[in-house]
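A.B. asks: To start, I am sharing the structure in question, which I have written as structure tokens.
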Amino acid sequence: MKAPYTAFTAVVAATTVALAASVAGAETWDMPMAYSASNFHSDTGAQFAKCVTTGTGGDITITVHPGGSLFKGGDIKRAIQTGQVQIGERLLSGHQNENALFGVDSVPFLATSFDDADKLWAAAKGPLNALLASQNLTLLYSVPWPPQGLYFKNEVTSVADMEGTKFRSYNAATSRLAELTGMLPVSIEAAEISQAFATGVADSMVSSGSTGYDRKIWESLNYFYEVDAWLPRNYVMVNSDVWSGTSEANQNVIRGCAELAEYTGTWRSKEYTGFTLQGLRDGGMTVGPASEQMVGELKEIGVTMTTEWLEAAGAEGQAIIDAFKAMQ
Ligand code: PCA
């Protein structure tokens with residue numbers, strides 16, 4: 001990963017310019033975010049917003065709205081595209097049905113570590129930027145969630161044990177995983193998890209330790225299996241009309257703040273992995289690796305899902321995977 005010095009230098013240089021500029025054209029950008037204010041993604045977004053406000057000398061104030069309070073996760077991308085808000089954060093794999101490329105970070109067992117997630121991101125960045133640009137969106141930064149594992153109420157040692165369980169999904173890939181393991185998918189936003197589990201709408205899910213910790217999942221579930229299936233990413237995007245109407249000096253500040261946010265957010269995601277798994281243990285959960293049998297069966301399902309993703313993503317998807325494999 002690149003050290004943040006270049007970004008920092010850019011911010012300092014552009015700040016000097018911005019401070020000299022008048023604040024007559026000062027504007028406010030609303031930034032909806034889907035996850036709780038306490039989550040590291042939301043905090044990284046809040047720091048990014050501060051950096052922009054300070055860096056642009058008050059020309060642009062970004063107001064963050066965490067926890068799905070302004071727009072729910074599923075509505076954030078459209079809200080930015082259509083200019084209802086200027087900027088926002090979204091888990092792009094939530095839009096895999098719209099274009100398979102959005103699901104590149106959620107292909108099971110393709111990239112299972114932070115290092116591999118970085119490489120996959122490097123391989124996918126160009127095509128994703130182009131796709132987003134065609135939708136009036138300019139990508140600013142992206143931060144991975146910690147590795148995804150499986151949560152259950154009871155002990156599970158094989159895929160057969162999962163059958164019939166109500167499974168909370170957050171994108172098309174997680175719904176498909178439920179189907180292939182004989183579970184019953186029900187789509188629920190992270191912000192609604194605590195309630196859904198408390199009322200028995202779902203009793204299992206795939207997610208990071210971080211989301212289970214944020215939602216105090218130990219109040220409803222007892223087991224977390226560290227499967228490390230993939231590391232999905234959140235993406236911060238700005239409406240392209242808003243972006244092209246922003247001065248070059250302020251664009252430079254924002255790019256610098258974005259680079260810092262990607263760096264610190266990724267670092268915090270890594271730190272948060274161990275911290276939150278310990279938090280689940282402290283809450284009373286059993287946390288550990290899945291059985292060999294379960295891992296083997298899940299990997300077979302991963303092969304099926306990789307094939308399906310490649311069929312949907314076509315030559316462009318294949319090119320990303322090839323570029324990623326070439327970095328190994
Ligand atoms: N938390 C989010 C997405 C991935 C993750 O770790 C969620 O469960 O909705």
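The values are calculated or read from the model by the stated rules, or taken from the named source; none is laboratory data. This is a predicted model, so every value here is computed, not measured. Glycine also receives a Cβ, built like all others from the backbone with ideal geometry; neighbour counts cover every protein chain displayed.
A.B. asks: Examine the range 130-139 for a residue that is over 25 Å from residue 44 (Cβ atoms), touching a residue at least 12 places away in the same chain (Cβ under 8 Å), surrounded by fewer than 21 Cβ atoms within 10 Å (Cβ to Cβ) and not hydrophobic (A, V, I, L, M, F, W, C), and state whether such a residue exists.
C.D. replies: The answer is no; no qualifying residue exists.
A.B. asks: Return the residues of the range 175-193 that are of a type in the set (S, T, N, Q) and touching a Ser or Thr at 6+ places or on another chain (Cβ under 8 Å); say none if nothing qualifies.
C.D. replies: 175, 187, listed by residue number.
A.B. asks: Kindly provide the set of residues from the range 27-50 that are in contact with a strand residue (DSSP E or B) (Cβ under 9 Å, 6 or more places away or on another chain) and in a helix (DSSP H, G or I), ordered by number.
C.D. replies: 40, 41, 42, 44, 45, 46, 48, 49, 50 - these are the residues of the range 27-50 that are in contact with a strand residue (DSSP E or B) (Cβ under 9 Å, 6 or more places away or on another chain) and in a helix (DSSP H, G or I).
A.B. asks: Still on this structure: Could you look through the range 56-101, keep only residues that are under 28 Å from residue 314 (Cβ atoms) and of a type in the set (Ser, Thr, Tyr), and pick out the one that is nearest to the ligand (Cβ to nearest atom)?
C.D. replies: Once the filter is applied, the top-ranked residue is 93.
A.B. asks: Let me spell it out: the conditions are (1) in contact (Cβ under 8 Å) with a residue 60 or more places away in the chain; (2) of a type outside the set (Gly, Ala, Ser); (3) under 22 Å from residue 241 (Cβ atoms), and residue 114 meets all of them except one. Which number is the exception?
C.D. replies: Every listed condition holds for residue 114 apart from (3).
A.B. asks: Any residue in the range 269-288 that is charged (D, E, K, R) and over 23 Å from the mean Cα position of the chain (by Cα)?
C.D. replies: The answer is yes, given that some residue of the range 269-288 is charged (D, E, K, R) and over 23 Å from the mean Cα position of the chain (by Cα).
A.B. asks: While we're here: Determine whether the range 38-47 contains at least one residue that is closer than 22 Å to residue 190 by Cα, modelled with pLDDT of 95 or more, crowded, with 17+ Cβ neighbours inside 10 Å and of a type in the set (Ser, Thr, Tyr).
C.D. replies: Yes - at least one qualifying residue is present in the range 38-47.
A.B. asks: Which of the residues that make up the range 24-48 are β-branched (Val, Ile, Thr) and touching a helix residue (DSSP H, G or I) at 6+ places or on another chain (Cβ under 6 Å)?
C.D. replies: 44
A.B. asks: If a residue must be of a type outside the set (A, V, I, L, M) and surrounded by fewer than 18 Cβ atoms within 10 Å (Cβ to Cβ), how many such residues does the range 141-165 contain?
C.D. replies: Total satisfying the criteria: 8.
A.B. asks: Next question. Looking at this structure, is residue 190 touching an Asp or Glu at 6+ places or on another chain (Cβ under 9 Å), within 12 Å of the ligand (Cβ to nearest atom), touching a residue at least 12 places away in the same chain (Cβ under 8 Å) and of a type in the set (A, V, I, L, M)?
C.D. replies: yes
A.B. asks: Moving on. Look through the range 67-79, keep the residues that are assigned to a loop (DSSP other than H, G, I, E, B) and out of contact with any Asp or Glu (no Cβ under 8 Å at 6 or more places or on another chain), and return whichever of them is nearest to residue 209 (Cα to Cα).
C.D. replies: This residue is 67.
A.B. asks: May I ask you to say which residue of 313, 249, 258 is buried (at least 19 other Cβ atoms within 10 Å of the Cβ) and over 23 Å from the mean Cα position of the chain (by Cα)?
C.D. replies: 249
A.B. asks: Is there a residue being touching a Lys or Arg at 6+ places or on another chain (Cβ under 6 Å) and either more than 29 Å from residue 114 (Cβ to Cβ) or within 16 Å of the ligand (Cβ to nearest atom) (or both) anywhere in the range 155-177?
C.D. replies: no
A.B. asks: Being surrounded by 19 or more Cβ atoms within 10 Å (Cβ to Cβ) and either of a type in the set (A, V, I, L, M) or assigned to a loop (DSSP other than H, G, I, E, B) (or both) is the filter here, so list the residues in the range 51-66 that pass it.
C.D. replies: 52, 56, 57, 59, 60, 62, 64, 66 - these are the residues of the range 51-66 that are surrounded by 19 or more Cβ atoms within 10 Å (Cβ to Cβ) and either of a type in the set (A, V, I, L, M) or assigned to a loop (DSSP other than H, G, I, E, B) (or both).
One line per residue, one yes/no per condition, for (1) part of a strand (DSSP E or B); (2) among the small types (Gly, Ala, Ser); (3) within 18 Å of residue 314 (Cβ to Cβ):
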| residue | (1), (2), (3) |
| --- | --- |
| 103 | no, yes, yes |
| 111 | no, yes, no |
| 118 | no, no, no |
| 121 | no, no, no |
| 126 | no, yes, yes |
| 131 | no, no, yes |
| 141 | yes, no, no |
| 146 | no, no, no |
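A.B. asks: Now, a different point. Tell me which residues, restricted to the range 199-218, are hydrophobic (A, V, I, L, M, F, W, C) and within 12 Å of the ligand (Cβ to nearest atom).
C.D. replies: Listed by number, the residues that qualify are 202, 205, 206, 217.
A.B. asks: Kindly check whether there is at least one residue in the range 246-256 that is within 16 Å of the ligand (Cβ to nearest atom) and at pLDDT 95 or above.
C.D. replies: no
A.B. asks: OK, next. From (1) in a loop (DSSP other than H, G, I, E, B); (2) among the aliphatic types (A, V, I, L, M); (3) within 13 Å of the ligand (Cβ to nearest atom), pick out the condition that doesn't hold for residue 196.
C.D. replies: Answer for residue 196: the failing condition is (1).
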